[in-house]
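S.K.: Just passing along the structure, written as structure tokens.
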Amino acid sequence: MASPSTEVTAGEHEIRISNPDRVYFPLRGETKLDLAKYYLSVSDGIVRALRDRPCMLHRFPTGVSGEKVHQKRLPRGAPPWVETVQIHFPRWNRTADELCVTSIADVIWAVQMSTVEFHPWNSRRFDVEAPDEWRIDLDPMPDCPFSRVRRVAAVAHEVLSELGIEGYPKTSGGNGLHIYVRIRPDWGFADVRRAALAFGREVERRAPSETTTTWWRKDRPSDVVFIDYNQNARDHTMAAAYSVRGNPRGTVSAPLLWAEVDEAEPDDFTIATMPSRYAAVGDLTAGIDDTAYGLETLLDWAQRDEAAGAEPPADDEDGSAT
């Protein structure tokens, strides 16, 4: 028999959680209710990461060992206070109304709908074609140790510092690291991708044996870090800061201080450990909206590289609807 429902308070709303005792994370036995309590414990951080951004939901109706549903359209039955934005997908000439989180109640309602992972756009609903977040994705190839990812993150930090840009690092919740930068929404997705590739090439110049920006997977060495500039394409999303990941360990995409990167281990950050960490250090992304940076220098680098024969990013702008 299904376990009885319970209610949790999320901001101004009471959210009914059905099947609260269903085990979602089998390694330690955390339940659907534990997942809701986790998101409540990091409420300011997860809302800051998602606020007003179109958001894809990764849903696991029976827990992370079961079926995974990638959902762009808002699930049916949403209460009237949940806000959305309509996204057009040119490739299919279709639209989807995607969730736009504005409060912790939206997050907990999504958990009630079996959402584990939150994957927001890098633009906001007020102008979805104008990204305000540049995402640096350090994606290790299969034989790449995490120690190498850390070293590449240090090089990326060095380049950002020379540009006068503050980046916010976080674990991916998997084997990689992400660095997020707030930018002015003055450029479209194509230019943000060109800037991201130019940055990646500069990191690659400084760490040529440890990195690659080669697009085709078959052409990459198996033990390097791929700097995935294409995560800045339209409708490409990554797990938000503080998002839980859909694995049995319940790992979290955890913001870090730069001083922590050299010692960080992805499995240290889970729904079991993050509430106490958050209570101790607070939201490490709290300052991300304070300064928005420009891409002019990076676009100059892109123009320089292309004039020297480098290929621009391949066209991949339209995304798809599911």
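The values are calculated or read from the model by the stated rules, or taken from the named source; none is laboratory data. The structure displayed is predicted, hence computed values, not measured ones. Neighbour counts run over all protein chains shown; Cβ positions are idealised from the backbone, glycine included. Accessible surface areas use protein heavy atoms only, side chains included; no ligands, DNA or RNA. Shrake-Rupley method; radii C 1.70, N 1.55, O 1.52, S 1.80 Å.
S.K.: Would you call VAL47 in contact with a strand residue (DSSP E or B) (Cβ under 6 Å, 6 or more places away or on another chain), of a type outside the set (Gly, Ala, Ser), at pLDDT 95 or above and under 24 Å from ASP235 (Cα atoms)?
M.R.: no
S.K.: Looking at the range 226-239, can you tell me whether even one residue there is over 26 Å from ASP191 (Cα atoms) and not aliphatic (A, V, I, L, M)?
M.R.: No, the range 226-239 contains no residue that is over 26 Å from ASP191 (Cα atoms) and not aliphatic (A, V, I, L, M).
S.K.: Taking the stated definitions as given, is ARG28 open to solvent by 30 Å² or more (accessible area, probe 1.4 Å), in contact (Cβ under 8 Å) with a residue 24 or more places away in the chain, assigned to a loop (DSSP other than H, G, I, E, B) and basic (Lys, Arg)?
M.R.: Yes.
S.K.: So, in the range 256-314, how many residues would count as being assigned to a loop (DSSP other than H, G, I, E, B), of a type outside the set (D, E, K, R) and either touching a His at 6+ places or on another chain (Cβ under 9 Å) or closer than 21 Å to LEU50 by Cβ (or both)?
M.R.: So the answer is 11.
S.K.: Oh, and also: Would you check which residues across the range 166-187 are part of a loop (DSSP other than H, G, I, E, B), buried (at least 20 other Cβ atoms within 10 Å of the Cβ) and over 12 Å from the mean Cα position of the chain (by Cα) and list them?
M.R.: Result: GLY167, TRP187.
S.K.: A follow-up question, please. In the range 247-263, how many are open to solvent by less than 10 Å² (accessible area, probe 1.4 Å) and within 30 Å of GLY66 (Cβ to Cβ)?
M.R.: Number satisfying all stated conditions: 6.
S.K.: So, one more: How many residues are open to solvent by less than 40 Å² (accessible area, probe 1.4 Å) and in a helix (DSSP H, G or I) if we restrict to the range 132-160?
M.R.: Selection size over the range 132-160: 9.
S.K.: When you look at THR237, is it assigned to a loop (DSSP other than H, G, I, E, B) and free of Cβ contacts under 8 Å to residues at least 24 places away in the same chain, yes or no?
M.R.: Criteria not met by THR237.
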